[in-house]
1. What's the number of the condition residue 167 fails, among (1) part of a loop (DSSP other than H, G, I, E, B); (2) farther than 19 Å from residue 210 by Cβ?
2. For segment 135-155, indicate whether the set of residues that are more than 22 Å from the chain's Cα centre (by Cα), touching a residue at least 12 places away in the same chain (Cβ under 8 Å) and either in the same structural domain as residue 86 (by TED's automatic domain parsing) or not in a loop (DSSP other than H, G, I, E, B) (or both) is non-empty.
3. Residue 145 passes all but one of (1) surrounded by 22 or more Cβ atoms within 10 Å (Cβ to Cβ); (2) within 22 Å of residue 278 (Cα to Cα); which number fails?
4. Looking only at strands (runs of 3 or more DSSP E) that lie completely in segment 199-301, which have at least 1 residues being in contact (Cβ under 8 Å) with a residue 12 or more places away in the chain and out of contact with any strand residue (DSSP E or B) (no Cβ under 8 Å at 6 or more places or on another chain)?
5. Please go through segment 157-198 and give me each residue that is out of contact with any strand residue (DSSP E or B) (no Cβ under 9 Å at 6 or more places or on another chain) and at positive phi, ordered by number.
6. Yes or no: segment 248-259 includes at least one residue that is within 20 Å of residue 87 (Cβ to Cβ) and more than 16 Å from the chain's Cα centre (by Cα).
7. Quick check on segment 179-189. Is at least one of its residues outside any strand (DSSP E or B), surrounded by fewer than 14 Cβ atoms within 10 Å (Cβ to Cβ) and modelled with pLDDT of 95 or more?
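The values are calculated or read from the model by the stated rules, or taken from the named source; none is laboratory data. As the structure is a prediction and not an experimental result, all values here were calculated from the model. All Cβ positions, even for glycine, are placed from backbone atoms using ideal geometry, and neighbour counts span all protein chains on display.
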């Protein structure tokens, strides 16, 4: 089934056609159902040949756009730094970004004014001060939904950091261990969930107040695979208000998985053919995409 977004007046150059196709997912799910001990689910595919954001290798720009009119309302930032992650505060008044230069930047969402840059000073020789900042690329930025002054970041330097907008001297807490290579950090109350790009024990739960590891989640019903786990994306499932379920995707599991943290089981599985780089959920709806250049919309209830 093919349809076009009618809000743009039918202009073929700006419209975004999608193709919904269940055939491949349906056939593969039925063929592999017997080999797994968790349910396989179907997802619809939406192929988008055109994109809303223009990104160049030589520069990065954050734009605030109107979803329905598809117009740029505000250009937040433009620089030679590559932006790998952005997030908006729960009230919509702040935007945080992280990227290639290992700096966390905080912007005013209305005025596009840069409020603060959290970045290490290479000329600084005091270990305590240097250790308060990232030293390699940032790949995940997340505002806390209940405590809007707090931000959580992670990246290639094998650390996850908690920042307080009111403190300009660096991160207030450092969690050592997670190797973050994508949007693989989420937070719920005082617990942080991380997904590392590692072969095993990639999904971990941390205490945000102490920085200590609560648990490494190893689903006991996941089939053994030589491909490993290698997670790029992790998020608490919006369809569970208690925070007992998370969504994961990466390059090793060949699926977006719904995992029950308490039972340590995969309770849902949406098959993919290439690495999943990003995912999101709204109530029981799940959307995800990656190296296939396909956006899939699924439901888990």
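1. Of everything listed in (1) part of a loop (DSSP other than H, G, I, E, B); (2) farther than 19 Å from residue 210 by Cβ, residue 167 misses just condition (2).
2. Taking every residue of segment 135-155 in turn, none turns out to be more than 22 Å from the chain's Cα centre (by Cα), touching a residue at least 12 places away in the same chain (Cβ under 8 Å) and either in the same structural domain as residue 86 (by TED's automatic domain parsing) or not in a loop (DSSP other than H, G, I, E, B) (or both).
3. (1) is the only condition that residue 145 fails.
4. 276-282
5. 189
6. Within segment 248-259, not a single residue is within 20 Å of residue 87 (Cβ to Cβ) and more than 16 Å from the chain's Cα centre (by Cα).
7. So far as segment 179-189 goes, yes, one or more of its residues are outside any strand (DSSP E or B), surrounded by fewer than 14 Cβ atoms within 10 Å (Cβ to Cβ) and modelled with pLDDT of 95 or more.
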